[in-house]
1. Which of Arg23, Arg103, Arg92 moves the most in a Gaussian network model of the chain with Cα springs under 10 Å?
2. Within the chain, which is the longest segment that contains none of the GluC sites (Glu not before Pro) sitting in a DSSP loop with at most 11 other Cβ atoms within 10 Å?
3. If Asp190, Asp166 are ordered by their accessible area, calculated over protein heavy atoms with a 1.4 Å probe, which sequence runs from highest to lowest?
4. Report the rotationally averaged projected area of the range 53-117 based on its alpha-carbon convex hull, in square nanometres.
5. Just the number, please: carbon plus sulfur as a percent of the accessible area of the range 86-202, 1.4 Å probe, no ligands or DNA/RNA counted.
6. With Cβ to Cβ distances under 10 Å as the rule, what net charge do the other residues near Val66 carry (K, R +1; D, E -1)?
7. Could you name the aspartates and glutamates whose alpha carbon sits less than 20 Å from that of Lys33, not counting residues in the same chain fewer than 8 places away?
8. If you take the square roots of the eigenvalues of the alpha-carbon gyration tensor of the range 153-202 and sort them as a ≥ b ≥ c, do you get rounded (a/c under 1.5), prolate (a/b over b/c) or oblate?
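The values are calculated or read from the model by the stated rules, or taken from the named source; none is laboratory data. Note that this is a predicted model, so its numbers are computed, not measured. Glycine also receives a Cβ, built like all others from the backbone with ideal geometry; neighbour counts cover every protein chain displayed. To get the accessible areas, we keep the full protein, side chains included, count just its heavy atoms, and leave off ligands, DNA and RNA. Shrake-Rupley method; radii C 1.70, N 1.55, O 1.52, S 1.80 Å.
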Amino acid sequence: MNPEFSRALEKIPAQLRERAGARFTVILNGSKKPEGKDWGGPNGANYGVDDPQLAGYLSQGHNYGVLTGAGGLVVVDIDDPDALNELGVLSRIPGTFTVKTGRGGYHFYFDCPELDHQIGIYHPTLKDPDNKNEPLHLGEIQSRGQQIVGPGSTHPNGNKYDLINDAPILSISKADVFKLLDGLILTGVDDPAEEPRRAEAR
């Protein structure tokens, strides 16, 4: 591989770059959406770490996404850390590879092959200010069919996705993931299509 491409791939931390089964998407600067068709599919626009196309985009300074579900990777994607801190949830999350997002949330990475679809995380009592019939959305558990912006990338607002815990990716059971989020409303646990429908509505 071109030495410049190899250096560009070092933007991806070793915990992801060296992970068996890891797949990545390409995200152009100024966007959060992956480039290409069917980026979440087995024959779509996602790439192994040794793919020159991925390296070429990174060498040009573009962002990348991490395909969740691939290789058993699951990410607890927190959009409202203040609310979860007040509820005592953040203190229950064990040390694992963690990224602070461009909007001030968190991506907690776990190895959990048992979880195979997206699950919504909602406040147990507070309502959505724009829709009083819905609980307040706090984040998601991202798995198969989803992706999250990778560490080192730049959010459209100019902030970085900063690696704040350079730890190994912790292996955890599905039951223990749910225990971490005990007391919250979880949607889509039994219906893989439920949370994507809710996300589209939001």
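1. In this elastic network of the chain, the residue with the biggest mean-square fluctuation among Arg23, Arg103, Arg92 is Arg92.
2. On the way: sites that count: Glu10, Glu18.
Result for the longest clean stretch: 19-202.
3. Numbers: Asp190 145, Asp166 110 Å².
Output order, biggest surface exposure first: Asp190, Asp166.
4. 5.7
5. Values: 2720 of 5820 Å².
Carbon with sulfur: 47 percent of the solvent-accessible area.
6. Working: positive: Arg19, Arg23; negative: none.
Spelling it out: positives minus negatives among the neighbours equals +2.
7. Asp51, Asp77, Asp79, Glu140, Asp162, Glu195, Glu200
8. Here the range 153-202 falls in the oblate category.
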